[in-house]
1. Through the Karplus equation 6.51 cos²θ - 1.76 cosθ + 1.60, θ set to phi - 60°, convert the phi angles of region 82-94 into ³J(HN,Hα) values in whole Hz; use x for Gly and Pro.
2. Please list, ordered by chain and number, the residues whose modelled amide H lies under 5 Å from the amide H of ALA26; skip anything fewer than 5 residues away on the same chain.
3. Given charges of +1 on the Cβ of Lys and Arg and -1 on the Cβ of Asp and Glu, with all other atoms neutral, how large is the dipole of the chain about its Cα centre, in debye to the nearest 20?
4. Sort the following peptides by mean Cβ neighbour count (other Cβ atoms within 10 Å, averaged over residues), highest first: 80-93, 9-22, 54-67.
5. ³J(HN,Hα) across region 25-41 via Karplus (A = 6.51, B = -1.76, C = 1.60, θ = phi - 60°), whole Hz, x for Gly/Pro?
6. For the chain, just the Cα set please: Rg and Dmax, both in angstrom.
7. For helix 53-67, report the angle its Cα long axis makes with the longest principal axis of the Cα atoms of the chain; keep it between 0 and 90° and round to the nearest 10°.
8. First select every other residue whose beta carbon is under 12 angstrom from the beta carbon of ALA28; then total the charges, Lys and Arg +1, Asp and Glu -1.
Amino acid sequence: MNLQRRAVRQNVEKSRFELPVDGEVALADYVLRDGVMLFTHTETPPALQGRGIASALIEGALLSARQQGLKVRASCSFVVDYLARHPEFADLQG
């Protein structure tokens, strides 16, 4: 997954993070307001499901948020669950 994490890109114009894999793109939508990145939706194409792609996408997105000095919140259930399973990102929750 490390290689895929490095391939995560932030598409500022569309307010989402993207991870292209095998001709498909997994995405995580967000809303940025007052220094907080709220993750609202994560989508993984059916062909990519079950391979850890969404987890790699969210890991990359959270690392990017940290690098930008942002806090994170999530209304997307996948991101809520990811944050609960990964205490190394607890410092980002705000």
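Every number in this text was worked out from the coordinates using simple rules, so none of it is lab data. What you see is a predicted model; the values in this text were computed from it and never measured. Ideal geometry is used to build each Cβ from the backbone, glycine not excepted, and the neighbour counts take in all protein chains shown.
1. Karplus-based 3J(HN,Hα) across region 82-94 equals 4, 4, 5, 8, 10, x, 5, 10, 4, 5, 7, 6, x Hz.
2. When sequence neighbours closer than 5 places are left aside, the close amide H contacts are LEU19, VAL21.
3. 180
4. 54-67, 9-22, 80-93
5. In residue order, the calculated couplings are 9, 8, 9, 9, 7, 8, 10, 9, 8, 6, x, 10, 9, 9, 7, 10, 6 Hz.
6. 12.1, 36
7. Its long axis makes an angle of about 30 degrees.
8. Cβ neighbours under 12 Å give a net charge of -1.
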